[in-house]
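Here the structure comes first, spelled out in structure tokens, and everything after it is commentary.
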Amino acid sequence: MDNKDMPAIKILPSLLAADMGHLAREARRAEEAGGDALHIDIMDAHFVPNLSMGPDVVAMARRAVRLPLSVHLMMTNPERYLERFIAAGADILLIHIEIKADVADCLRRIRKLGARPGITLNPETHASALDDVLNEAEEVLCMSVHPGYGGQVFMPETLDKIAALRRAARQHGRPALDISVDGGINLDTAAAAAAAGANVFIAGTSLYGVGDMKAAIAAMRDRAAAAWSLSSNL
């Protein structure tokens, strides 16, 4: 891949791993540490077996930081809430390919409302599920754990899917498409995912769980960039 086609390496602290009693402070911590965006997981206790956050938390983060807000809707019916989350301040809005709604239409609505549309795949979902909607998305999020809870262990079988998604992006004439990965991301798994073709790394415990988040973000960025540049798969 030519250097001009290489997408930027981005590190996103995940607010799900933050101190829930001090979310505004924790959002600012991510910004001050050099995060490229703040990731916010929205769970409806139906699509996933957990309940977390809502538009008010997104609005709080929008007031607290200038970082882009990457909002992941783990919801059965996200199409009912697109306007609310974008109005609250979401810059990137990610929905799941597994929902029953018209995914392509949802992605077009997100773009029309002024946010970047993104599509997410659960671990069991094959990369080919995106064939008909890939060109509607500005980002593809590959879950490397089962969504719903933080602190899970990275699933190595995800790496083949990331590589397949990067190949599909090139075949669609979009070699610099953002491909993100979320779940069990640390220095080692970020490097492995980068070698497979990911360029956006969403990390919770490994960033919010350390004393020096700035150093942790810098180290993850360096490891991912090095793995990308040395990869024979790209």
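Only the coordinates and a few stated rules stand behind these numbers; no lab work does. Small disclaimer: the values here were computed from a predicted structure and weren't measured. Neighbour counts are summed over all protein chains in view; Cβ atoms, including those assigned to glycine, are modelled from backbone coordinates with ideal geometry.
Order the peptides 64-73, 131-140, 21-30 from the highest to the lowest mean number of other Cβ atoms within 10 Å of their residues.
Packing proxy ranking, top to bottom: 64-73, 131-140, 21-30.
Rank-order 197-206, 53-62, 92-101 by packing density, defined as the average count of other C-beta atoms within 10 Å over each peptide's residues, highest first.
Per-residue Cβ counts within 10 Å, averaged per peptide and sorted highest first, yield 197-206, 92-101, 53-62.
Given the -39500 (n - 2.57) contribution per DSSP H run of 4+ residues, what per-residue ellipticity at 222 nm results for the chain, rounded to the nearest 500 deg cm²/dmol?
Using -39500 (n - 2.57) per qualifying helix, the result is -10500 deg cm²/dmol.
Could you grab the Rg to Rh ratio for the chain? Cα atoms only, Kirkwood for Rh.
Checking Rg against Rh, the ratio lands at 0.93.
What lysines could a cross-link reach from residue 10, if we take a straight Cα to Cα line under 18 Å and drop same-chain neighbours fewer than 8 places away?
Cα-Cα hits under 18 Å: 214.
Using a basic spin-label model with each label point 7 Å from the Cα along Cα→Cβ, how many nm lie between residue 170 and residue 132?
Placing both labels 7 Å along Cα→Cβ, they lie 2.7 nm apart.
May I ask what percent, to the nearest 5, of DSSP beta bridges between residues of the chain are antiparallel?
Expressed as a percentage, antiparallel bridges in the chain total about 5.
So, in nm, how far is label residue 100 from label residue 24 when the simple model puts each one 7 Å beyond its Cα toward the Cβ?
Computed distance between label sites residue 100 and residue 24 equals 4.0 nm.
Say a paramagnetic label sat at a point 7 Å from the Cα of residue 214, along Cα to Cβ; which residues of the stretch 33-49 have their backbone N under 13 Å from it?
Counting backbone N atoms under 13 Å from the label point, the list is 33-35.
If I model a spin label at residue 152 and residue 230 as a point 7 Å from the Cα along the Cα→Cβ vector, what separation in nanometres do I get?
Going by the 7 Å Cα→Cβ label model, 2.9 nm.
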